[in-house]
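Below is one structure, written out as structure tokens; comments come after it.
The values are calculated or read from the model by the stated rules, or taken from the named source; none is laboratory data. Since we're looking at a predicted model, the values are computed, not measured. Glycine also receives a Cβ, built like all others from the backbone with ideal geometry; neighbour counts cover every protein chain displayed.
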There are 2 protein chains.
Amino acid sequence: MDSDTFRKLGHELVDWIADYRDRIESLPVMSRVRPGEIRARFPSTPPAGGGRLREAIDALDAVVLPGITHWTHPSFFAYFPSNASRASILADLVCAGLGVQGMSWQTSPAATEVEEVVMDWLRQMVGLPDTFTGVIQDTASTSTLTALLCARERSSNFSQNREGLQGGEPPLVVYASDQVHSSIEKDALLAGFGKKHLRFIATDRAHAMRIDALAEAIEADRSAGLRPCVVVATTGTTGTTALDPVAGIAGVARRHGLWLHLDAALAGTAMVEPEYRWMWRGVEEADSLVFNPHKWMGPGFDLSAYFVRDPQHLVRVMSTNPSYLRTAQDGEVRNLRDWGIPLGRRFRALKLWFHLLDEGVDGMRARVRRDVENAHWLADRVDETPGWERLAPVPLQTVTLRHVPQGASDEARVAEHNLAIARRVNEGGRAYLTPSVLKGQQTLRVSIGAEGTERRHVEALWRELLEAARAESGGTPGPER
Amino acid sequence: MDSDTFRKLGHELVDWIADYRDRIESLPVMSRVRPGEIRARFPSTPPAGGGRLREAIDALDAVVLPGITHWTHPSFFAYFPSNASRASILADLVCAGLGVQGMSWQTSPAATEVEEVVMDWLRQMVGLPDTFTGVIQDTASTSTLTALLCARERSSNFSQNREGLQGGEPPLVVYASDQVHSSIEKDALLAGFGKKHLRFIATDRAHAMRIDALAEAIEADRSAGLRPCVVVATTGTTGTTALDPVAGIAGVARRHGLWLHLDAALAGTAMVEPEYRWMWRGVEEADSLVFNPHKWMGPGFDLSAYFVRDPQHLVRVMSTNPSYLRTAQDGEVRNLRDWGIPLGRRFRALKLWFHLLDEGVDGMRARVRRDVENAHWLADRVDETPGWERLAPVPLQTVTLRHVPQGASDEARVAEHNLAIARRVNEGGRAYLTPSVLKGQQTLRVSIGAEGTERRHVEALWRELLEAARAESGGTPGPER
């Protein structure tokens with residue numbers, strides 16, 4: 001492609017994105033295509049000749065867009081907020097245009113040093129002490145896997161340089177609450193600990209980890225000759241944004257020599273507002289923590305922030321040093337290939353930088369407060385409305401609720417009813433939320449925090465829920481589908 | 001940021017990238033900044049107020065660009081080709097603009113199905129049988145970690161669901177050649193095998209794995225009560241693009257029940273040209289293979305293609321199924337979160353699609369042939385010029401060479417001399433290559449394959465090398481620095 005064509009198509013696609021974002025509210029939030037429908041629109045063999053990019057661009061509206069679930073839609077209440085601010089889109093464009101491979105400092109010093117700068121800004125923004133150093137990873141799952149590997153190697157005095165986990169030593173054990181994100185289980189299994197050495201600690205009525213239960217589990221394992229290795233605490237669980245008592249867990253971890261990893265994937269963003277920082281009190285004692293700016297903060301996926309207290313340990317676990325990767329500056333600089341699992345790295349710091357300059361810390365604070373207030377508004381409606389239940393406290397922007405039809409006492413029936421409500425709302429296209437099971441109870445999770453979500457969108461969602469519940473209860477039918 | 005500002009800045013940045021790519025030849029290939037120089041240009045605290053994106057955009061020329069090592073420069077001969085075609089830049093823009101999170105089919109069916117389509121195109125393009133299914137990963141390091149984890153679980157009958165690697169069973173062993181990429185060692189250590197259970201198999205004079213040595217190592221380990229688990233073969237090693245005998249290795253793997261993973265990170269792209277496919281003869285017997293379209297093929301980093309013969313096994317190793325990730329379509333569709341380590345996924349298939357339509361398979365073939373011919377041209381110059389040595393065959397686009405000054409017999413002196421040549425060339429700014437050690441000998445690696453690299457750039461590199469060698473040999477000084 002020549003330069004002029006690139007300019008022309010580039011301008012066209014910038015406008016296409018702008019138009020898309022301008023009219024996003026008119027689109028159904030959740031894609032309505034059926035399995036295989038999009039695949040069927042493509043030829044089954046690759047193009048022999050080139051020069052056909054126009055076809056792909058024209059297919060964006062006709063083929064791709066119907067297959068998009070719109071994560072930046074203001075009525076997206078599913079999973080977690082995943083914003084992609086316009087400033088961060090521009091940064092991703094620059095990232096792609098520079099084509100940087102930032103594995104080593106020398107392979108693009110700017111990629112490393114801008115990351116150092118903005119990750120330190122981020123540390124300050126969420127109130128972490130300067131004993132933490134940050135590095136960008138792709139996702140919280142990868143960050144937590146990294147943490148578990150680092151914990152494993154600290155507890156085993158670098159078993160990886162000897163027999164790995166295959167030396168027949170007493171097994172290492174991982175602890176997390178029964179509300180922990182599924183990726184922690186996956187990561188623990190991938191790291192080789194084994195399901196038998198993973199303890200899900202009971203939680204209290206607010207769905208937070210019980211410190212006494214943690215301490216008991218550790219002591220039981222020690223008595224049984226096992227080696228407690230790492231505890232994962234969560235600030236803001238996926239199900240209900242429950243807040244594990246970090247300071248208390250840190251005390252137990254310290255007493256028993258465990259690595260403390262804090263998963264604040266969603267909630268970390270809230271800490272830009274100092275009044276919320278009580279939620280992770282004790283955080284300074286964590287050995288590692290992850291939060292995802294690509295969730296609620298604004299820059300587009302993927303941008304996970306991983307902070308550690310001992311970067312040298314991280315580097316020791318992750319570094320390899322073959323001759324073809326050595327550079328003249330080794331020792332003076334950070335080679336970020338040694339700060340995570342993949343060798344190659346994009347210039348992701350650009351999008352955090354662009355986003356921060358565009359929105360400012362004050363802008364983020366205002367947005368976070370707005371979203372929490374919207375969640376409280378919805379929680380109040382649930383609490384005051386007969387037939388509706390709220391199943392968890394609402395410290396942040398997630399409301400876990402359900403409708404119990406009159407006379408229903410059977411959990412199976414309530415579950416089916418709420419799944420039907422979710423289906424009706426989601427298929428209706430005007431909002432999208434996630435059904436979830438909380439300790440055996442079927443719930444509906446409303447996660448607020450898209451950049452464009454105002455009070456009116458939450459009000460509209462509440463109307464949708466009321467109407468869907470009425471229709472599914474056999475009352476007046478809901479609006480046309 | 002409002003829509004109009006986004007349009008205006010978007011157009012400006014598209015033009016900025018176009019200008020950058022237009023004038024890239026006038027820039028020094030390797031960044032010349034000193035450690036800390038870029039960091040020092042930034043404030044140490046984050047911006048409180050927003051609306052300052054203009055500052056970042058203005059800093060692109062003044063602060064960022066001097067800190068970029070230009071991977072798409074036609075005189076970039078370091079590491080490996082890492083192209084970022086203009087078509088793929090446009091696709092990355094669309095990807096960022098859509099803000100898709102493709103973890104599940106439902107969270108954007110297009111992200112999953114376009115990936116299914118283009119990965120099957122890719123499979124056909126490199127001549128893989130339809131017994132393979134492809135999925136996009138970020139890097140070859142991650143793909144290979146995934147392969148080792150899958151191998152570990154197959155050999156141990158899903159130990160992760162029991163005691164992991166901590167059950168005291170006979171240790172699993174990993175095999176690869178002594179020329180294997182460093183990430184394989186890193187991955188094996190991260191997967192918990194332990195350095196003691198990693199065998200680097202001797203290579204022949206062409207730096208390819210010796211099948212007899214592999215078979216012997218496996219037999220010795222079996223006799224010692226260990227469990228041989230996985231062998232990593234390489235088509236196109238990092239040092240010299242050596243070609244492990246895949247069919248022979250597959251025979252050994254089959255006989256002993258090992259998982260065969262093929263690392264063709266760079267060389268996979270060459271297989272678009274059928275005449276090169278002898279290089280990985282036997283590939284159909286691999287259990288998994290990785291190659292990186294983001295290297296030589298054209299779409300920008302990160303786009304690693306991971307192919308497997310048994311996707312169900314991959315999913316069984318990688319899947320978790322919490323209630324909040326279940327969707328109505330589970331069972332009917334691929335949920336790509338279960339096809340790799342991270343939960344979240346960008347819509348990376350877009351850039352493969354855009355690139356393929358723009359360049360076409362024929363265009364890629366022509367470019368690959370051009371690059372191999374350029375490498376042969378350089379190899380011929382080395383072979384015919386007194387004082388220069390070529391240290392490996394040149395099946396593809398990498399030439400491993402060095403200069404031996406008259407009368408030098410001491411390896412330490414030759415090494416210092418060649419490191420000085422590399423320094424002089426790289427700091428001169430007109431080309432960039434990687435010094436590397438091959439079996440104790442210091443070499444210079446010339447890796448050809450940037451999209452814009454024509455014969456004249458390789459000729460210019462050869463002149464640079466001759467001049468640098470002369471200057472470092474104490475002859476006439478090289479050109480002004």
For A:Arg430, the lone unmet condition from (1) at positive phi; (2) buried (at least 17 other Cβ atoms within 10 Å of the Cβ); (3) among the charged types (D, E, K, R) is (1)
(1) under 18 Å from the mean Cα position of the chain (by Cα); (2) hydrophobic (A, V, I, L, M, F, W, C); (3) over 27 Å from A:Ser104 (Cα atoms) all hold for A:Val283 apart from (1)
Within segment A:441-481, the residues that are of a type in the set (Gly, Ala, Ser) and either outside any loop (DSSP other than H, G, I, E, B) or at pLDDT 95 or above (or both) are A:Ser447, A:Gly449, A:Ala450, A:Gly452, A:Ala460, A:Ala468, A:Ala469, A:Ala471
Of the listed residues (B:Ala305, B:Ala349, B:Ala328), the one being in contact with a Phe, Trp or Tyr (Cβ under 6 Å, 6 or more places away or on another chain) and on the phi < 0 side of the Ramachandran plot is B:Ala305
Conditions (1) in contact (Cβ under 8 Å) with a residue 24 or more places away in the chain; (2) closer than 28 Å to B:Ser88 by Cβ; (3) out of contact with any Ser or Thr (no Cβ under 6 Å at 6 or more places or on another chain) -> B:Met297 fails only (3)
Picking from B:Ala111, B:Ala56, the residue that is at the interface with chain A (Cβ under 7 Å from one of its Cβ atoms) and part of a helix (DSSP H, G or I) would be B:Ala56
Residues of segment B:155-176 being among the hydrophobic types (A, V, I, L, M, F, W, C) and either surrounded by fewer than 24 Cβ atoms within 10 Å (Cβ to Cβ) or closer than 21 Å to B:Phe291 by Cα (or both), in sequence order, are B:Phe158, B:Val174, B:Ala176
Of the listed residues (B:Ala18, B:Ala91), the one being part of a helix (DSSP H, G or I) and either within 7 Å of another protein chain (Cβ to nearest Cβ) or without any contact (Cβ under 8 Å) to a residue 60 or more places away in the chain (or both) is B:Ala18
Here is a check on your reading of the model: is A:Val117 facing another protein chain (nearest Cβ under 7 Å) and outside any helix (DSSP H, G or I)? no
Only one of A:Glu55, A:Glu25 is surrounded by fewer than 19 Cβ atoms within 10 Å (Cβ to Cβ), out of contact with any Gly (no Cβ under 7 Å at 6 or more places or on another chain) and either without any contact (Cβ under 8 Å) to a residue 24 or more places away in the chain or not acidic (Asp, Glu) (or both), namely A:Glu55
Counting only residues in segment B:389-425 that are surrounded by fewer than 19 Cβ atoms within 10 Å (Cβ to Cβ) and touching a residue at least 60 places away in the same chain (Cβ under 8 Å), the one nearest to B:Ala270 (Cα to Cα) is identified as B:Pro393
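Table: residues versus (1) of a type in the set (A, V, I, L, M); (2) at pLDDT below 95; (3) crowded, with 20+ Cβ neighbours inside 10 Å.
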position: A:Thr142; (1), (2), (3): no, no, yes
position: A:Glu153; (1), (2), (3): no, no, yes
position: A:Asp178; (1), (2), (3): no, no, no
position: A:Leu190; (1), (2), (3): yes, no, yes
position: A:Lys196; (1), (2), (3): no, no, no
Residue pairs qualifying under the 6 Å Cβ cut-off, at least six apart or on distinct chains, with the first in segment B:180-192 being facing chain A (nearest Cβ under 7 Å) and the second being outside any helix (DSSP H, G or I), are B:Ser182/A:Thr320; B:Ser182/A:Pro322; B:Ser183/A:Leu343; B:Glu185/A:Thr320; B:Lys186/A:Thr320; B:Gly192/A:Gly192
Whether any residue in segment A:156-173 is under 28 Å from A:Met297 (Cβ atoms), in the same structural domain as A:Asp338 (by TED's automatic domain parsing) and either assigned to a loop (DSSP other than H, G, I, E, B) or at pLDDT 95 or above (or both) is what I want to check. no
_Could you go through segment B:287-301 and let me know if any residue there is assigned to a loop (DSSP other than H, G, I, E, B) and more than 13 Å from chain A (Cβ to nearest Cβ)._
yes
For segment B:331-346, the count of residues that are part of a helix (DSSP H, G or I), out of contact with any helix residue (DSSP H, G or I) (no Cβ under 6 Å at 6 or more places or on another chain) and free of Cβ contacts under 8 Å to residues at least 60 places away in the same chain equals 0
Considering residues that are at the interface with another protein chain (Cβ under 7 Å from one of its Cβ atoms), at negative phi and touching a Gly at 6+ places or on another chain (Cβ under 9 Å), the number found within segment A:98-107 is 1
Those residues of segment A:347-363 which are within 30 Å of A:Gly99 (Cβ to Cβ) and touching a helix residue (DSSP H, G or I) at 6+ places or on another chain (Cβ under 6 Å) amount to A:Phe347, A:Ala349, A:Leu350, A:Lys351, A:Leu352, A:Trp353, A:Phe354, A:His355, A:Leu357, A:Asp358
If we keep only residues of segment A:408-438 that are assigned to a loop (DSSP other than H, G, I, E, B) and touching an Asp or Glu at 6+ places or on another chain (Cβ under 8 Å), then the residue nearest to the other protein chains (Cβ to nearest Cβ) is A:Ala431
Restricting segment A:135-155 to residues that are outside any loop (DSSP other than H, G, I, E, B) and under 18 Å from A:Trp296 (Cα atoms), the one farthest from the other protein chains (Cβ to nearest Cβ) turns out to be A:Ile136
ask   = Can you find a residue in segment A:395-407 that is at pLDDT below 95, touching a His at 6+ places or on another chain (Cβ under 7 Å) and not in a helix (DSSP H, G or I)?
value = yes
Only one of (1) assigned to a loop (DSSP other than H, G, I, E, B); (2) of a type outside the set (S, T, N, Q); (3) within 14 Å of chain A (Cβ to nearest Cβ) does not apply to B:Asp221, and that is (1)
| Residue check for B:Ala328: surrounded by fewer than 24 Cβ atoms within 10 Å (Cβ to Cβ), assigned to a loop (DSSP other than H, G, I, E, B) and touching a residue at least 60 places away in the same chain (Cβ under 8 Å) | yes
Against the condition surrounded by 24 or more Cβ atoms within 10 Å (Cβ to Cβ) and either at the interface with another protein chain (Cβ under 7 Å from one of its Cβ atoms) or not in a loop (DSSP other than H, G, I, E, B) (or both), how does B:Val63 come out, does it pass? no
